[in-house]
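The values are calculated or read from the model by the stated rules, or taken from the named source; none is laboratory data. As the structure is a prediction and not an experimental result, all values here were calculated from the model. We place every Cβ from the backbone using ideal geometry, glycine too, and count neighbours over all the protein chains shown. Calculation scope for accessible area: heavy atoms of the full protein, side chains included, ligands and nucleic acids excluded. Shrake-Rupley method; radii C 1.70, N 1.55, O 1.52, S 1.80 Å.
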Amino acid sequence: MSSSMDDAFFTFDLFDVLKQDWKSFLNEKVKNTKVCIISIIGKTSLDCLNFKEHIIAEASNRHIFQENEEKERKGSSCEVKAYYDAAKRSMFLLTSGISDTNILMNQCKELENDLKVKSFLEVWSEVHYDFVKTLLMLFCMSHIIVITHPRATFDLSYVYLFRALDTMRLKAVPLFKELLASVEISNDWLQNGRPCSPRVLFVFESSPLSDSNFSMIESRMKQKKPSPLKKLEHSLEDQIYRILRKSRVITNVRFGNSLFAVPANQEFVYIFSTKRYITDFTGFYLAQIRAHCQLAKELDITESKQKNKTSVLGNGLSVLSDSGFPNESDSSHSFVKFLFPHINLALTKGFDDNVGRYPVPAYFELAFAHTWFEVASKLSSIFNEPKDSKSRSLHQTMKTTLDTDVKFSEGRCTKVLPLASAAYQDNLPTHYTEDYHQNKLAHALHVFSMHARGPAVQRYAKQLKEDCERLWKNGHQMCEVLSLTGNHCMNPIHRTDTDNLEDKSLPIMSHCSQIKIVSTCDCGSKQATRDDPFDVKAANYDFYAAQRILCCGTLEKVEFPVFQASCIDSHPARISPIPIPVENEVVDEKAKDSSSTNNSSHGHNLSKAEFSEGNSEEENSLTNEIEPLATDEQSQSQAEDERDEIVISIQDETTPSKDRCLTRQPSTTEYLPGMLHSESKLGLLPMFSSWSLICLGPSSLYSHNIGLQEQPGFIIGTNYLLPWDVTVKLEHKERFPLLWEGKRPLNMKAKKAFRDGPQFNVKIFIGVEYECCRGHRFMCSAPDRVLRVTSTGHVKDNASKITGSDMPLYFPCPCRSSKPQIAQLMRIHVVTPKAPVHITLHPKVQPAPDPCPIFFPTISEPLKLSQSAYWVLRLPFVYEGEHGPFLPPREPMPVSACRLLKGTYNIAEQQSNR
């Protein structure tokens, strides 16, 4: 509250007084006389921030709000300053808020953080509502309302504001009645919630007519004709009245329907003819000095009084009054002459501004100052923070009435939300995965965004997400566990016997993808349907163990070492990826092989590689280049040149071998939880074997003329093994192998054998079998070609390409299907010769691109096959490491990505049993 400027008039902050002890303030400052309340609202430009203060100063002919009395606004979007003039029985209420440009700028800076969280309309609606509450309070307590505007045009946004204020006032009248029932006011005031329908005056800050042109035209005009400025004011009055009348903002005042009224026979538009602000302070004071000097020359300085001072606003001279503004009291166009006739009429007769067809007396009441402050205190309690349910309901209703943008947005979003929810539920399966849920949710949000508008879109989109999420988790959520082949479990979300989930309400059931796979037993003689596996044991052991009972259980097989528990409380080991030393050689070999492959020449010339029993890791350096095969006659003539040559170094029994060194015994308390591979911990074995090596019987079971027999599922023309002709050269010349002593080796070349060293030829039949999930089986003759026989039923390929190259682990199935299938390398067929040597298998599989571990059987040494026998090595159905299974690809992959490493096949010396 400011100190009083005089006993007759003073200024104060209205809301600060109402929050404090206003009764003591009235007793000290305000005389209990009837007063006329004039409220000043509207917009101001950035050029003249204090235009509303200038209006009051000019009306009272004095500076009212001193600069040292102005205070900073602390987070308030609206404040009301009051000026009480006891002599003129009037009180001016000056409203400052977001309609003033400088306050709007400061408010926008304060809202930066809120705009990061909410939309602009949501933030703006809160600020706008606080400002409109103050305006509504002034419309319910004022007799005259002055609306200011920077330019001489009517702002059409006022129509929307007036209609919103009128609707809010009508909704607030019942609550006003309850609050004002205890105040001594007239019945009309009590019933309508206000002393009268206030008269609205429009004041415009500047004129579109320039000062010089206006002065020149006014001097030339005859006195009987109105000036151009007066014509402009009358034109604006007509325009404003028509707009307000057509929009039904002003109606009959008697029944309280109209928010405000405009006078019918008095002027209610005023335009200032000169600028009320200084744009160039330096030029202003220079003009003041020049004008003062000029006046001193013409007049006697001693006779001039300080009452009259000169001021040059722009380019002209005008006389300043004590208020500091041009004295227009003597002019016909004066703001004082415009305003005070309305104030005097309010203090005497009151207003009667009915516009209805049938004139009826209007209600008007001048309240005593103390009564008015009591009413203001009652009304301000409503517009502050609501405390009871009625006040909260009123505030919510007024917010809804004011925020038409938000209301439209909410109504639109409420209408579209069921449509988007229906789009989500359209053709919805009983159970579905999270990916399917996200796709359906994206479709629902797309439908919602096509029709929803406004600031409520984000809030209702969040509600749509929550509704869809709730629907999915309420009985429609599918088990998200993937099978080892990459298929989802189709059961509702559940738990298994081995799961330790906190949610014990989930049902217990096993995983099932509802996909059936046709697989073949270990020996390949029987096919059966299996469920899509979800664990390694079911994929690589359980199915084949069940088929072994029905088919190949009696056949000779190689037992792979597995974990043998020595105690009851055996447990899986904690895996730490420590690569074993032997695989470092494999990595070096892979790098060597890749370089040799790039530098290999075209053709069928095979390079030599030495193999020995003590160094089983050395491999054949065989070319993997693919060339068209020759005809049968050419193949027969080039058979000798196409044979691979292998050198065997014969060792004495007394020679120490690293095979006879002590080896580390596997653990009997900890087992490997997955499959054995190059990064597995040393000394651990799995609980079961994922590999199988079975002998079907003697080599006579296979006939190269008719191919494989009693092997179901083979595609016609692919059920043949490939011959591998190998020349075996003995490196040790002093003696023959132990089993050859006393007899001549088979196929021994008589002269050449003893001249170049003992050597002989062996023929081995090899086949790499691929199998798809539908049970189709076929052999490959090269890394990129399926084996095919000629029209006469002959096989013109040999096994050099499959023994000397990396073979793909996955290959496109040649079966005719609408959806192409990917077949997997499942078996290696080997028919050993009748020669006193061992054919060895040392399979190593890399099921994924680098970095990926290499998988191999639990026997680290090469697997030795007996002579003249038919052997079948079954590979794992799935490959699983510490980080989960390596899923089969959906599309064909290059050989370097998933492969069976070359060096799988070898020939070693047969050892004596003595």
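Once the Cβ-Cβ distance of residue 860 and residue 512 is raised to the sixth power relative to R0 = 56 Å, the FRET efficiency obtained is 0.90. With contacts defined as alpha carbon pairs under 8 Å and 6 or more residues apart, what's the relative contact order of the range 404-482 in percent? That works out to 47 percent. If you put +1 on each Lys and Arg Cβ and -1 on each Asp and Glu Cβ, how big is the dipole of the range 117-195 around its Cα centre, in Debye rounded to 20? Computed charge dipole of the range 117-195: roughly 140 debye.
Simple point charges give the picture: +1 on the Cβ of Lys and Arg, -1 on the Cβ of Asp and Glu, and for the range 397-442 a dipole about the Cα centre of about 220 debye. Per-residue surface analysis assigns residue 127 an accessible area of about 10 Å², computed on protein heavy atoms at 1.4 Å probe radius. At the residue level, residue 792 shows approximately 100 square angstrom of accessible surface with a 1.4 angstrom probe and all protein chains present.
Residues 248, 785, 151, 495, sorted by accessible area with the largest first, give 248, 151, 785, 495 [1.4 Å probe; ligands and nucleic acids excluded]. Rolling a 1.4 Å probe across the protein heavy atoms gives the range 144-209 an accessible surface of 36 Å² per residue.
With all pairs of different C-alpha atoms in the average, the Kirkwood value for the hydrodynamic radius of the range 457-559 is 16.8 Å. You can think of it this way: the chain between residue 415 and residue 559 has 44.8 nm of extra reach, that is 0.36 nm per residue less the Cα-Cα gap.
Ranked by the mean number of other Cβ atoms within 10 Å of their residues, highest first, the peptides 162-172, 540-550 come out as 162-172, 540-550. Protein-only accessible surface at a 1.4 angstrom probe places the residues 298, 670 in the order 298, 670, largest first. Of the solvent-accessible surface of the range 361-512, computed with a 1.4 Å probe and all protein chains present, 52% belongs to carbon and sulfur.
Altogether, the Stokes-Einstein calculation at 20 °C and 1.002 mPa s, with the Kirkwood radius of the range 813-914 over Cα pairs as Rh, returns a diffusion coefficient of 135 µm²/s. Residues 23, 801, 557 ordered from highest to lowest accessible area at a 1.4 Å probe: 23, 557, 801. Once you order the gyration tensor axes a ≥ b ≥ c over the Cα atoms, which shape class does the range 388-455 get: rounded for a/c under 1.5, otherwise prolate or oblate by comparing a/b with b/c? Prolate is the answer for the range 388-455, as a/c is 1.5 or above and a/b outweighs b/c.
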